[in-house]
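Asks: Below are the structure tokens for one structure; questions will follow.
The values are calculated or read from the model by the stated rules, or taken from the named source; none is laboratory data. Nothing here was measured: the structure is a model prediction, and the numbers come from that model. Glycine also receives a Cβ, built like all others from the backbone with ideal geometry; neighbour counts cover every protein chain displayed.
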Amino acid sequence: MRRFILWALTLACICIYLFVTAPAELPKQHAQTSDAHEIDVAVMFHAVNALNAHARQIYTREIVGAGKKVGLKFGEDWKEIGVEKGPLPALFLRELSFELEKRPEPLGLYLGSDKPINPSNLFKGDTAVDYKTVVMSREPIFSTLEGYGSIAMFPDFASAPGCVSCHNEHKDSPKNDWELNDVMGATTWTWPDSTTSSDEIRQILKTEIEALGDAYQNYLVKVSNFDAPPKIGPEWPNSGQFALPDKDAFLEAVLNAASPEILTTLIGEK
Amino acid sequence: MKFRNINIISIVAACIILIIGLAAALMAFNNPAKAFNENNSRNNTILASLSEFHTLGNFVDGHDGLACRECHKYSDGSIRQQIQALAKNALFDAGYQVDFAFRKVSSSECLKCHERNNDRHPIYRFNEPRFIEVVKILPANKCLGCHSEHNAKTVNLDSLGFCASCHSELFLKNDPLDISHAEIIKTNDWNSCLGCHDFHGNHKFKSPSLYDESVSVQAIKDYFDGGKSPYGTSKISEGLKK
């Protein structure tokens with residue numbers, strides 16, 4: 001009996017040491033924001049996708065499309081040393097995923113299709129089934145998957161004439177009759193939780209804007225090493241000059257275009 | 001209360017006290033006032049100074065000279081907070097994500113030196129849900145899926161044929177190789193891929209256009225086992241801290 005009391009006392013001391021006098025609890029992961037997590041994560045997905053979709057359209061139309069007309073080149077091999085090219089739209093998106101991945105927020109972004117130029121972008125298995133639904137409905141679908149959390153698949157529309165012409169003319173394209181506004185593929189987003197908060201959405205959008213700026217900056221860094229680099233500043237290629245907008249000008253254009261859609265998403269009209 | 005129950009309680013209590021005591025002594029010996037602070041750069045603990053006695057084996061090429069703490073970071077919080085969280089996890093399934101004393105080594109530690117913006121197979125791409133089946137065969141969504149430390153090996157994979165998991169649909173309208181890629185795929189010659197393609201693309205290596213000039217399967221296996229790189233020693237980018 002005496003031994004029992006002794007051990008009960010020891011255990012009580014340990015409990016007091018660990019729980020009663022212990023320092024504050026450790027924060028749990030993804031609970032960095034103080035407000036309640038009661039917003040469906042689909043709202044966050046709509047907002048981040050709107051920003052990316054507008055960036056993609058502006059990049060394709062104003063940087064690639066207009067840039068080619070003033071002598072800029074774009075290709076799959078843009079990162080190779082000695083190659084004086086910029087990223088194709090799909091590789092610009094991959095640059096954004098790379099910049100997102102570097103940041104602590106666990107937001108994942110990917111691009112795929114069922115008629116890909118690059119066969120490693122082919123949707124397979126369950127994702128191929130989901131993709132068919134997205135093509136038919138032209139609407140995003142949301143799901144959850146163990147180990148991945150929440151997943152959103154958004155249609156990737158042929159939003160600029162360049163999407164259609166470049167894919168139709170590409171030597172490795174398995175489909176040559178794309179038309180404007182076709183669903184050419186899908187952007188897939190992943191996030192670990194199924195609910196979110198307004199603070200978290202604001203933080204994620206901020207992160208995405210920063211990542212987008214850095215993705216574009218990676219292109220500008222490459223350009224500045226060209227033998228004859230274009231002028232980087234407020235001017236866009238559609239002015240007819242051999243010029244590229246700087247990071248601020250690019251981001252401003254994207255934000256101007258994307259803001260109305262993000263706003264309607266956030267106030268719940270979508 | 002039965003004698004047997006007392007025994008279990010005493011063992012559990014003694015173990016807890018022992019673990020707390022040992023961890024505290026080993027980690028904070030030189031700096032008791034700042035015991036377990038979050039500054040992971042401290043390297044003057046007893047553990048570090050005795051590293052020769054407890055490292056698990058040889059370093060991989062290029063990692064010798066790294067301090068333990070470059071990869072083995074202290075877990076968040078104090079030892080008490082960690083035990084508190086782990087106990088709550090065990091009792092109430094509380095969902096804290098914390099390790100005891102040291103964090104599990106994760107890809108982010110590797111990427112601090114090895115992240116490159118032109119990696120041909122960056123790990124994050126394998127986090128895409130459509131690769132769910134692929135990562136079961138080739139766990140390339142984590143650095144430690146294929147690489148490890150303290151065993152002097154460069155790559156811990158037994159087979160070279162993993163390219164089949166993603167590239168079996170490959171078709172090239174303008175094939176640069178003398179034997180077509182379609183032929184290679186048709187004959188399931190997946191061991192040959194790495195003979196021309198450097199997986200991460202970090203070596204200055206030009207793919208040959210003749211199949212017979214590709215790197216032999218044996219040379220690649222030797223490289224996996226810690227031998228010299230068949231893609232040459234000159235690199236496009238080195239680990240940052242080198």
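Asks: Just the residues that are facing another protein chain (nearest Cβ under 10 Å) and either in contact (Cβ under 8 Å) with a residue 12 or more places away in the chain or of a type in the set (D, E, K, R) (or both), please, taken from the stretch B:92-106.
Replies: B:98 - this is the single residue of the stretch B:92-106 that is facing another protein chain (nearest Cβ under 10 Å) and either in contact (Cβ under 8 Å) with a residue 12 or more places away in the chain or of a type in the set (D, E, K, R) (or both).
Asks: Residue check: is residue B:186 basic (Lys, Arg), over 20 Å from residue B:217 (Cβ atoms) and away from chain A (no Cβ under 12 Å)?
Replies: Criteria not met by residue B:186.
Asks: While we're looking at this one, here's another question. State the number of residues belonging to the stretch A:62-75 that are charged (D, E, K, R) and in a loop (DSSP other than H, G, I, E, B).
Replies: 1
Asks: Taking the stretch A:77-93, which residues are closer than 28 Å to residue A:130 by Cβ and either out of contact with any helix residue (DSSP H, G or I) (no Cβ under 8 Å at 6 or more places or on another chain) or acidic (Asp, Glu) (or both)?
Replies: Residue satisfying the conditions is A:91 alone.
Asks: Please tell me if residue A:28 is surrounded by fewer than 16 Cβ atoms within 10 Å (Cβ to Cβ) and either modelled with pLDDT of 80 or more or of a type in the set (Phe, Trp, Tyr) (or both). Give the derivation first.
Replies: Working: surrounded by fewer than 16 Cβ atoms within 10 Å (Cβ to Cβ): yes; either modelled with pLDDT of 80 or more or of a type in the set (Phe, Trp, Tyr) (or both): no.
So residue A:28 does not fit the description; no.
Asks: Does any residue in the stretch B:231-242 that is at pLDDT below 60 come within less than 8 Å, Cβ to Cβ, of a residue that is surrounded by 12 or more Cβ atoms within 10 Å (Cβ to Cβ) and in a loop (DSSP other than H, G, I, E, B) six or more places away or on a different chain, and which pairs are these?
Replies: That search, which allows pairs on different chains as well, returns B:239/B:62; B:241/B:66; B:242/B:62.
Asks: So which pairs qualify, if the first residue must be in the stretch A:1-19 and more than 7 Å from every other protein chain (Cβ to nearest Cβ), the second must be polar (S, T, N, Q) and surrounded by 12 or more Cβ atoms within 10 Å (Cβ to Cβ), the Cβ gap must be under 9 Å, and the two must be at least 6 apart or on different chains?
Replies: A:6/B:10
Asks: What number of residues within the stretch B:171-183 satisfy the criterion of being part of a loop (DSSP other than H, G, I, E, B) and either within 12 Å of chain A (Cβ to nearest Cβ) or not acidic (Asp, Glu) (or both)?
Replies: Residues flagged as part of a loop (DSSP other than H, G, I, E, B) and either within 12 Å of chain A (Cβ to nearest Cβ) or not acidic (Asp, Glu) (or both) within the stretch B:171-183 amount to 9.
Asks: Here's another thing I want to ask about it. Are there strands (runs of 3 or more DSSP E) fully within the stretch A:183-247 with at least 3 residues that are under 30 Å from residue B:128 (Cβ atoms)? List them.
Replies: Correct list: A:183-191.
Asks: Let me ask something else about it. Anything in the stretch B:177-218 that is without any contact (Cβ under 8 Å) to a residue 24 or more places away in the chain, of a type in the set (Gly, Ala, Ser) and either under 15 Å from residue B:157 (Cβ atoms) or buried (at least 17 other Cβ atoms within 10 Å of the Cβ) (or both)? List them, or say none.
Replies: B:214
Asks: Kindly establish whether residue A:60 is β-branched (Val, Ile, Thr), within 30 Å of residue B:85 (Cα to Cα), at pLDDT 85 or above and surrounded by 14 or more Cβ atoms within 10 Å (Cβ to Cβ).
Replies: Here the answer is no, as residue A:60 does not meet what is asked.
Asks: Next up: Looking at the stretch B:117-144, which of its residues are charged (D, E, K, R), crowded, with 18+ Cβ neighbours inside 10 Å and out of contact with any Gly (no Cβ under 8 Å at 6 or more places or on another chain)? Spell out how you get there, then give the answer.
Replies: First, the residues of the stretch B:117-144 that are charged (D, E, K, R): B:119-120, B:125, B:128, B:130, B:133, B:136, B:142.
Now drop any that are not crowded, with 18+ Cβ neighbours inside 10 Å, which leaves B:119, B:125, B:128, B:130.
Of everything in the stretch B:117-144, just one residue is charged (D, E, K, R), crowded, with 18+ Cβ neighbours inside 10 Å and out of contact with any Gly (no Cβ under 8 Å at 6 or more places or on another chain), namely B:125.
Asks: I've got another one for you. Give the stretch A:44-74 a look and list any residue that's aliphatic (A, V, I, L, M) and under 11 Å from the mean Cα position of the chain (by Cα), or say none.
Replies: A:47, A:48, A:50, A:51, A:53, A:55
Asks: So, in the stretch A:200-229, how many residues would count as being over 19 Å from the mean Cα position of the chain (by Cα) and more than 27 Å from residue A:63 (Cβ to Cβ)?
Replies: 0
Asks: I want to confirm something. Restricting to the stretch A:174-192 and keeping residues that are within 21 Å of the chain's Cα centre (by Cα) and more than 14 Å from chain B (Cβ to nearest Cβ), which single residue is surrounded by the fewest Cβ atoms within 10 Å (Cβ to Cβ)?
Replies: A:181
Asks: Which of the helices (runs of 4 or more DSSP H) contained wholly in the stretch A:76-173 include at least 2 residues that are without any contact (Cβ under 8 Å) to a residue 40 or more places away in the chain and loosely packed, with under 15 Cβ neighbours inside 10 Å?
Replies: Answer list for the stretch A:76-173: A:125-137, A:161-169.
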